């Protein structure tokens, strides 16, 4: 059996927290852009996707840290890292891991809320544009 690499796990969780903050900032910029008259989200979408891809790599590396652990230990660590388990931290490393998970989850929730607002704005603008198009088409048909 192997021992858990707390340093690697903490590094992954710290990096994940930094990347989620970057995703949140990009999402805020997307919301600001969506409020403009002319909207161009292409570069922001690509930038955000590259950060999301980095998050996936962090998750893969984090998952690999539990390889070789006994089932009970792996489940306990995975519970802490997911923030969903009932695992209680048993040492300062695990407490720090749980803190990162809590911060990251809060930032993700904020990001989702911003993204929803942005989507609502974009859908509203799309619907308004469709209505204008229908109105223009109707006016042209009448002439």
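The values are calculated or read from the model by the stated rules, or taken from the named source; none is laboratory data. This structure is a prediction, so every number in the text was calculated from the model and none was measured. Cβ: placed from backbone, ideal geometry, glycine included. Neighbour counts: every protein chain shown.
Determine the pairs where a residue that is closer than 15 Å to residue 105 by Cβ, located within the range 77-88, has a partner that is assigned to a loop (DSSP other than H, G, I, E, B) and at pLDDT below 80 with Cβ atoms under 6 Å apart, the partner being 6 or more residues away or on another chain.
Close Cβ pairs (under 6 Å, with a partner that is assigned to a loop (DSSP other than H, G, I, E, B) and at pLDDT below 80) amount to 79/85; 79/87; 80/87.
Can you tell me which residues in the range 1-40 are farther than 29 Å from residue 91 by Cα, more than 14 Å from the chain's Cα centre (by Cα) and without any contact (Cβ under 8 Å) to a residue 60 or more places away in the chain?
29, 32, 33, 36, 37, 38, 40
With respect to the numbered conditions (1) more than 27 Å from residue 18 (Cβ to Cβ); (2) in a helix (DSSP H, G or I); (3) out of contact with any helix residue (DSSP H, G or I) (no Cβ under 7 Å at 6 or more places or on another chain), which one is the sole condition not fulfilled by residue 38?
All conditions pass for residue 38, except number (2).
Across the range 94-129, what is the number of residues that are without any contact (Cβ under 8 Å) to a residue 24 or more places away in the chain and either closer than 15 Å to residue 39 by Cβ or buried (at least 16 other Cβ atoms within 10 Å of the Cβ) (or both)?
So in the range 94-129, the residues without any contact (Cβ under 8 Å) to a residue 24 or more places away in the chain come out as 95, 98-99, 102, 105-106, 109, 112-113, 116, 119-120, 123-124, 126-129.
Still in the running and either closer than 15 Å to residue 39 by Cβ or buried (at least 16 other Cβ atoms within 10 Å of the Cβ) (or both): 98, 119-120, 123-124, 126-129.
Matching residues across the range 94-129 total 9.
Against the condition assigned to a helix (DSSP H, G or I), at pLDDT below 90 and touching a helix residue (DSSP H, G or I) at 6+ places or on another chain (Cβ under 8 Å), how does residue 81 come out, does it pass?
Numbers: assigned to a helix (DSSP H, G or I): yes; at pLDDT below 90: yes; touching a helix residue (DSSP H, G or I) at 6+ places or on another chain (Cβ under 8 Å): yes.
Yes, satisfied.
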